Amino acid sequence: MAYDRERNPSQAAFDEASVAMLRKADADGVESDVFSRADEQGAPCIFGSEGRCCRICHMGPCKISDEVRGVCGATLDTVVARNLLRELVAGTAAHSDHGRHLVLLLKDVAEGRNHQYQIRDPGKLRAAAAAWGIPDTTIDTLELARQLAELFIAEFSHQEGKLASLRLAPKPRQGTWDSLGIAPKGIDPSVVEGLHRSNMGVDHDYRNILRGALTTSIADGWGGSMIATTVGDILFGVPSPVRARANLGVLERLKINVVVHGHEPALTEMLVAASRDPEILAEARAVGAEGINLAGICCTANEVLMRHGVPVAGNFLQQELALVTGAVELMITDVQCCMPSLPEVAKCYHTKILTSNPIAQHADAQAVDFSSENAMDCAKAILRKAIENFPNRDPKKVAIPDISQPVVAGFSNETIFNILGGTFRRSFRPLNDAIITGRIRGVCGIVGCTNARRGTADRYLITLARELIRRNVLVLKTGCAAVAAGKAGLLTPEAALRIAGPSLREVCEAIGIPPVLHMGSCVDNSRILMAATYLVEEGGLGNDLSDLPAIGAAPEWMSEKAIAIAHYFVASGIDVVLGHPFRTMGSEKVTSYLCGEIANDVGAKFHYIPDVERAVETICAHLEEKRDALGINRKVERKLFDMKDRRELYV
Ligand code: SF4
Ligand code: MSK
């Protein structure tokens, strides 16, 4: 062991598989892991963690306090707000660039330049074209795809007017954005403008800077992320419920293990197909393996879990630990959340680390030349590298924890509509009714990352979800939060229903859904925005998203992308609980705007709550307040509906 751990493994990670692999990492002499490095960092710099350090120009860096301004004269409030905006802009850029790559692929497919991918879901294509206002959605599929791709490309570059995607939001919400002047013009201009206004000597009014942050975040949630989800569904299929397993125990001793990691689904989709190719399987058997086992980490995992039932090896903080099993022949990374330490950990084993995206390389990893035009050849070449590497596996170093949980994932809104109303009468009505009658107290979207510097990884995420379903709150999940729920058995309908409160359980059993719904990857938080929109449109729960008994939570967030997500929830009128604050604690004014006054603008605010018990109380109290305001907390006699009542209800 190369270092002394400050926290023992069970203080670092909540799940037993991770704990076992941390112990093995020590025994194997792995130089460091994310938890040991977090401990090694010690207490963070107060100026950095409170947002009080400014490095924006080269008269700095400046350490700002109430008494001390920056060299240029910038105040604490300006610097704190500006730093937050810059982080949010980077997060928006990441989600939106992912969306852009998919749109360009859609255009290539539509114009016949790419024959490797197809329009897998013409129904989604037509629905999306209608939603974005393309007048004739009955035209030929490829022509419609071309028109939609052109429209989406324009969403990135619009310089005037406002984003067409905003029309997906409820009308009153659009009105709020218009009256505040925070409706984004285009996705790219909102990123550029965020960088511009946070430049030295530009925007110095913290409120104005924070409203600029809301603009950019709306461009992410309703723009870049919404487009990424939509095009992903068109090209790869709308997810529907699928069974799989989650946690490191999904790796297989007798098979060649290939781990996909990152966020973009284009190559991974091909790897799924290639891993089932008879020729490739024969090559795998020829080196003594029983086959190829594809497994995922982070959001690439969520994408192929939802569409193909590919098992999930783990979430963000388990990426190194997957290698520590000694059983991974190859890990292929694309973009976002892939730790630079992976090649270093891989050196202790036989694992090859490959990168597939020209903007996301590791100095010590091999880059593969992936382009969507040679996708299948590239996928096969990658699998062949894994096959070649299988004989190098050292059996003495292999220890796969026998720990994994069954999961059901893939709850797209289309699926929820079908489950609730059947394909004949697709409807959110039963869900609205369950909320109105109080059998479901409200909805909480628990999203985001896990964080090595914030207590025991996954603990807050899992405890919060458990306690909320116990209190009859329906939980929606995405990203690494969803994987944490899977590892804890909360995505197993049967197990979760045992924990759920009696009235939530009754509803879930009646309509056939688990109380914790896996809705996808990080960009799929756009699905949560749309689920909330459908609740409003269905009627009986107010006129705007801010009226809903709904709330978001990012208990263990770490990424700049999570800052963008949290802001677009709030900009949409949905409060957000954060397990640790943004770097705003240096400025009382910025913090009190975000956690208070902002509600006067957009009807929602942030709550900084490090303690999970208090988060549960706050969330439940918030949902009850919304219910009171809607007038649905009045006691009503329970009534058995006859056919006449039902007909009246559904007209
Ligand atoms: Fe210092 Fe102002 Fe430059 Fe920031 S912009 S580094 S506060 S001088
Ligand atoms: S992967 S952004 S650690 S959720 Fe989407 Fe997980 Fe957070 Fe990355």
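All of the numbers you see were taken from the coordinates with simple rules; none came from a lab. Because the structure is a prediction, the values reported are computed rather than measured. All Cβ positions, glycine included, derive from the backbone under ideal geometry; neighbour counts span all protein chains shown.
Give me Ser526, Ser275 sorted ascending by neighbouring Cβ count inside 10 Å, so fewest comes first. Can you show the working numbers first?
Numbers: Ser526 30, Ser275 23.
Least to most surrounded, the residues fall as Ser275, Ser526.
List the aspartates and glutamates whose Cα lies under 12 Å from the Cα of Lys589, skipping any in the same chain that are fewer than 8 positions away.
Output for Lys589: Asp66, Asp77, Asp205, Glu597.
Could you give P(r) for the stretch 71-236, binned at 10 Å from zero, as whole percent values over all Cα-Cα pairs?
Taking all Cα pairs of the stretch 71-236, the binned fractions are 11, 36, 29, 15, 7, 2, 0 percent.
Which values of log₁₀ I(q)/I(0), to two decimal places, follow from the Debye formula for the chain at q = 0.08 Å⁻¹ with a uniform point scatterer at every Cα?
-0.57
Which of the trypsin sites (Lys or Arg not before Pro) found in the stretch 1-55 are loop residues per DSSP with 14 or fewer other Cβ atoms within 10 Å of their Cβ? Display every interim value, and only then the final one.
Values: sites: Arg5, Arg7, Arg23, Lys24, Arg37, Arg52, Arg55; in loops: Arg5, Arg7, Arg52, Arg55.
For trypsin sites (Lys or Arg not before Pro) across the stretch 1-55 that sit outside H, G, I, E and B with at most 14 neighbouring Cβ atoms in 10 Å, the list reads Arg55.
What ranking of Met59, Met331, Met339, Met530 emerges when the number of other C-beta atoms within 10 Å of each C-beta is taken as an exposure proxy, fewest first? Kindly include the intermediate steps, with their values, before the conclusion.
Values: Met59 11, Met331 29, Met339 18, Met530 24.
Starting with the residue having the fewest Cβ neighbours, the order is Met59, Met339, Met530, Met331.
Any idea what log10 I(q)/I(0) is at q = 0.14 Å⁻¹ for the stretch 364-477, Debye with uniform C-alpha scatterers and no solvent?
After summing over all Cα pairs, the log10 values are -0.95.
To the nearest 0.05, how large is the calculated FRET efficiency for Arg384 and Arg426 if R₀ is 35 Å and r is the Cβ-Cβ distance? Display every interim value, and only then the final one.
Details: r = 44 Å, r/R0 = 1.26.
Calculated transfer efficiency: 0.20.
Dipole size in debye (nearest 20) for the stretch 411-630 around its Cα centre, Lys and Arg Cβ +1, Asp and Glu Cβ -1?
Computed about the Cα centre, the dipole is about 540 debye.
For the stretch 71-236, how many pairs of lysine residues have a Cα-Cα distance under 19 Å, where the two are 8 or more positions apart or belong to different chains? Intermediate values should be presented prior to the final figure.
Values: Lys107/Lys124; Lys162/Lys171; Lys162/Lys185; Lys171/Lys185.
Eligible lysine pairs with Cα atoms under 19 Å apart amount to 4.
Given the C-alpha atoms of the stretch 411-630, compute the convex hull and give its volume per residue in Å³. Write down the numbers at each step before the final one.
Numbers: hull volume 23.0 nm³, N = 220.
Taking only Cα atoms, the stretch 411-630 has a hull volume of 105 Å³ per residue.
What number comes out for the charge environment of Arg23, summing +1 per Lys or Arg and -1 per Asp or Glu over other residues with Cβ under 12 Å away? Don't jump to the answer; show the numbers that get you there.
Values: positive: Arg5, Lys24; negative: Glu16, Asp26, Asp28, Asp33.
The answer is -2.
Roughly what % antiparallel, to the nearest 5, for the DSSP beta bridges in the stretch 248-397? It would help to have the intermediate numbers written out before the result.
Numbers: 1 of 21 bridges.
Around 5 percent of the beta bridges assigned by DSSP in the stretch 248-397 are antiparallel ones.
Alpha carbon centre of the stretch 401-455 versus the stretch 569-630: separation in Å?
Measuring centre to centre over Cα atoms gives 22 Å.
Specify the longest stretch of the chain that does not include any exposed loop site, a site being one of the chymotrypsin sites (Phe, Trp or Tyr not before Pro) with a non-H, G, I, E, B DSSP assignment and at most 16 other Cβ atoms within 10 Å.
Of all site-free stretches, the longest is 4-423.
What is the spin-label model distance, in nm, from Asp377 to Tyr608 if the labels are put 7 Å beyond Cα along the C-beta direction?
Once both label points are built, they end up 5.4 nm from each other.
Of Lys561/Lys626; Lys385/Lys487; Lys24/Lys487; Lys255/Lys347, which ones are farther than 25 Å apart at the Cα?
Working: Lys561/Lys626 28 Å; Lys385/Lys487 30 Å; Lys24/Lys487 20 Å; Lys255/Lys347 21 Å.
Violating the 25 Å limit, Cα to Cα: Lys561/Lys626; Lys385/Lys487.
Counting only DSSP beta bridges with both residues in the chain, what percent are antiparallel, rounded to the nearest 5?
Values: 8 of 48 bridges.
Taking every DSSP beta bridge with both residues in the chain, the antiparallel ones total about 15 percent.
Kindly give Rg over Rh for the stretch 1-114, based on alpha-carbon atoms, with the Kirkwood expression for the hydrodynamic radius. Let's see the in-between values first.
On the way: Rg = 22.1 Å, Rh = 18.6 Å.
Reported Rg/Rh (Cα atoms, Kirkwood Rh): 1.19.
Just tell me the longest site-free run in the chain, where the sites are GluC sites (Glu not before Pro) in a DSSP loop having at most 14 other beta-carbon atoms within 10 Å.
Numbers: sites that count: Glu6, Glu67, Glu111, Glu160, Glu290, Glu637.
Between the exposed loop sites, the longest stretch runs 291-636.
Under 11 Å from the Cβ of Gly573, count the other residues' Cβ atoms, weight Lys and Arg +1, Asp and Glu -1, and hand me the total. Can you show the working numbers first?
Numbers: positive: Arg173, Lys605, Lys626; negative: Asp544, Asp547, Asp575, Asp601.
Residues near Gly573 contribute -1 overall.
What order do you get for Ile46, Ile56 when you list them from fewest to most C-beta neighbours inside 10 Å? It would help to have the intermediate numbers written out before the result.
Details: Ile46 13, Ile56 20.
Least crowded to most crowded, the residues run Ile46, Ile56.
What is the percent of Cα-Cα separations in the stretch 248-397 that go past 24 Å?
Numbers: 2292 of 11175 pairs.
Percent of Cα pairs beyond 24 Å in the stretch 248-397: 21.
Ile297: net charge of surrounding residues, Cβ under 12 Å, Lys/Arg +1, Asp/Glu -1, itself excluded? Please list the in-between numbers first.
Details: positive: none; negative: Glu303, Glu320, Asp334.
Local net charge: -3.
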